[in-house]
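Student: Input: one structure, supplied below.
The values are calculated or read from the model by the stated rules, or taken from the named source; none is laboratory data. Here the structure is a predicted model, which means the values were calculated and not measured. Quick reminder, even Gly has a Cβ in these numbers, built from the backbone with ideal geometry, and neighbours come from all protein chains shown. When the accessible area is computed, the model is the full protein with side chains, heavy atoms only, and any ligands, DNA or RNA have been set aside. Shrake-Rupley method; radii C 1.70, N 1.55, O 1.52, S 1.80 Å.
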Amino acid sequence: MSKQFDVIVIGGGPGGYIAAIRAAQLGFNVACVDEWKNAAGGPALGGTCTNVGCIPSKALLQSSEHFEHAGKHFVDHGINVKGLELDLGKMLARKDQVVKQNNDGVAYLFKKNKITFFHGRASFVKAADGGYELKVAGAAEEAIVGKHIIVATGSNARALPGAPFDEENILSNDGALRVGAVPKKLALIGSGVIGLEMGSVWRRLGAEVTVLEGLPTFLGAVDEQIAKEAKKAFDKQGLKIELGVKVGEIKSGKKGVNVAYTNAKGEAVSLDVDKLIVSIGRVPNTVGLNAEAVGLALDERGAITVDGDCKTNLPNVWAIGDVVRGPMLAHKAEEEGVAVAERIAGQHGHVNFNTIPWVIYTSPEIAWVGQTEQQLKAEGRAYKAGTFPFLANGRARALGDTTGMVKFLADATTDEILGVHMVGPQVSELISEAVVAMEFKASAEDIARICHAHPSLSEATKEAALAIDKRTLNF
Ligand code: FAD
Ligand code: NAI
């Protein structure tokens, strides 16, 4: 007799594990199936985010930033460092430890919430009495039946045609996080989020980094003024970003990788590097799910087709996170997970796609929520803009990092905040205030009238809100 559950979640990434926890909190008998293996072949809950995404990349961004500060910036504070050395092995081991703490954290949460965990690959078998039968292929094979199925199988790195990932020379995000020695020369294809974050890590650790971007504009989805400011900072750091390139043949051999490309001027360039990271986006992962067995519909990109409520074409089958439409972000996956569990319980779970924040964890950090100035212009919406530079912020001066600005966009008539865009120190944390404000439909003046601690970077947020009405106090 197959084991029966109210809810089975396929995938233990941020979408899946959060959906499982919320469903368990709501009183359901829940199972989660995840196939990720750690180096020893055991389970490693947390998905892409925990194992080869958000968490390890942020650990290396932190470590490499310390290294760069010790080498280049401590001296400004009167701290002279002699004999600075990089122990890359230890840095990578620390990153692995941080990953493990997070893997263990999810396993603990499953126990705490009495969620049954299966380690293995789940695939659809058939619609069964009152639900769906799944096969779990792990150490053993077993059949389980769930009344509701939540598919949260995530995404995989997209490879360039003709240049498959070997994780030795041609690296996906996985290999990019465990290069054993700092490459002398490193190329990245794609100057999106991974290109900039991973490019920053290896540049700080000593690699000569070239980022090749197909589009003629830098960070097209980011507010233009903010993207321009960020680009200036990256150029100054020596991160070489070439826009408008057309990548041609890629040859990988014992000595490294040769990338042939045509630059924006139409010139043919041949670039030899030790390693190549390909970061040109990700593809939804439905490999091995056997969606056909039950007629689960996919769209032309291979994503599972869902409506605004994450309902698929099948009754009681839901899909969330990277495997469906929308931004591929951990917190978006989590919000969808909570909302779906609540919908299964007959509640009114809701995700506001207009207030999902984005953060790029480079230095300077880039963060935004809501609409960009170019989007408002394209819509023909009447708006007011206000900016405040960190150069005029006391805390930023004390930190020794005055790069960047905060920018507010508000409706010209009602003053409702339409978008907030930031580039500068610790804006990954500052953006939350803007998200809260937009969720509460605040006006720019609401923020301008709130007391912000002094000295703090958040004063730049208040001042940018004041700038909407041309009444900054410190600039
Ligand atoms: P995933 O995290 O991909 O999890 C899916 C899980 O399902 C995996 O464990 C997989 O093994 C399992 N699985 C798949 N198929 C099956 C099956 N048939 N049976 C059993 N198990 C299966 N997002 C942010 O918000 N902030 C960041 O800072 C950030 N940094 C990133 C850095 C990098 C380098 C990368 C690659 C991504 C980053 N992301 C970041 C994106 C983030 O990782 C994803 O948006 C997020 O992990 C999506 O969550 P998910 O639950 O949909 O899928
Ligand atoms: P991306 O979509 O951010 O960027 C891909 C870039 O590659 C784009 O600029 C695109 O124009 C370019 N490109 C595509 N094909 C190309 C080609 N053939 N030649 C040259 N350039 C080409 O994708 P990325 O960086 O791979 O990251 C995937 C996703 O993972 C992100 O979109 C994001 O959702 C998530 N992520 C989020 C992070 C965060 O929140 N801080 C960090 C890292 C990843």
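Student: Given points 7 Å out from each Cα along the Cα-Cβ axis, report the residue 80 to residue 300 separation in nanometres with one decimal.
Tutor: The two pseudo-label positions are separated by 6.5 nm.
Student: Looking at the square roots a ≥ b ≥ c of the eigenvalues of the Cα gyration tensor of region 123-173, which shape do they give, rounded for a/c under 1.5, prolate if a/b is larger than b/c, or oblate?
Tutor: Verdict is prolate for region 123-173.
Student: If you don't mind, another one. Measure nothing but the geometry: give the 0 to 90° angle between the long axis through the Cα atoms of 427-439 and the longest principal axis through the Cα atoms of the chain, rounded to 10°.
Tutor: Once rounded, one gets 70 degrees.
Student: A further question on this structure: Quick one: in region 170-280, what % of C-alpha pairs are over 20 Å apart?
Tutor: 36
Student: For region 1-72, place one equal point scatterer on every Cα, skip the solvent, and apply the Debye formula. What is log10 of I(q)/I(0) at q = 0.21 Å⁻¹?
Tutor: Result of the Debye calculation: -0.90.
Student: Hey, another quick one. Test of understanding: express the Cα radius of gyration of region 96-213 as a ratio to 2.2 N^0.38 Å, with N the residue count.
Tutor: Normalised Cα radius of gyration, region 96-213: 1.48.
Student: Quick one: length gained pulling residue 398 to residue 471 fully straight, 0.36 nm per residue minus the C-alpha distance?
Tutor: 23.9 nm
Student: Still on this model: Taking every alpha carbon pair in region 176-228, what does the distance histogram look like in 10 angstrom bins from 0, in percent?
Tutor: 24, 50, 22, 4
Student: Share of the chain's accessible area from carbon and sulfur, percent, 1.4 Å?
Tutor: Solvent-exposed carbon and sulfur of the chain make up 52 percent of the total.
Student: Using square roots of five times the C-alpha gyration tensor eigenvalues, list the equivalent-ellipsoid semi-axes of region 404-454 in whole Å, biggest first.
Tutor: After diagonalising the Cα gyration tensor, the semi-axes are 18, 13, 10 Å.
Student: Please report the spacing between the Cα centers of region 164-234 and region 404-475 in Å, no decimals.
Tutor: When both Cα centres are located, 30 Å separates them.
Student: On to the next question. Using the alpha carbons of region 276-370, what is the convex hull volume per residue in cubic angstrom, as a whole number?
Tutor: 123
Student: Quick one, can you get me the convex hull of the C-alpha atoms of region 355-467 expressed as volume per residue in Å³?
Tutor: It comes to 86 Å³ per residue, whole-number rounded.
Student: Can you run the Rg to Rh ratio on region 84-141? Use alpha carbon positions and the Kirkwood inverse-distance Rh.
Tutor: That ratio is 1.26, to two decimals.
Student: Further, regarding this structure: Gain in length, residue 137 to residue 112, computed as 0.36 nm per residue apart minus the alpha-carbon separation, to one decimal in nm?
Tutor: 6.5 nm
Student: So, one more: Against the longest principal axis of the chain, how steep is helix 458-467, in degrees 0 to 90 to the nearest 10, with axes from Cα atoms?
Tutor: Roughly 70 degrees between the two axes.
Student: So what is the accessible area of region 170-280 per residue, in Å², with the probe set to 1.4 Å?
Tutor: That works out to 44 Å² per residue.
Student: On to the next question. Tell me the volume per residue, in Å³, of the convex hull enclosing the alpha carbons of region 56-106.
Tutor: 76
Student: What is the Cα radius of gyration of the chain over 2.2 N^0.38 Å, N being its residue count?
Tutor: 1.04
Student: At a Förster distance of 35 Å, what's the computed FRET efficiency of residue 378 paired with residue 267, Cβ-Cβ distance as r, to 0.05?
Tutor: E between residue 378 and residue 267, to the nearest 0.05, is 0.60.
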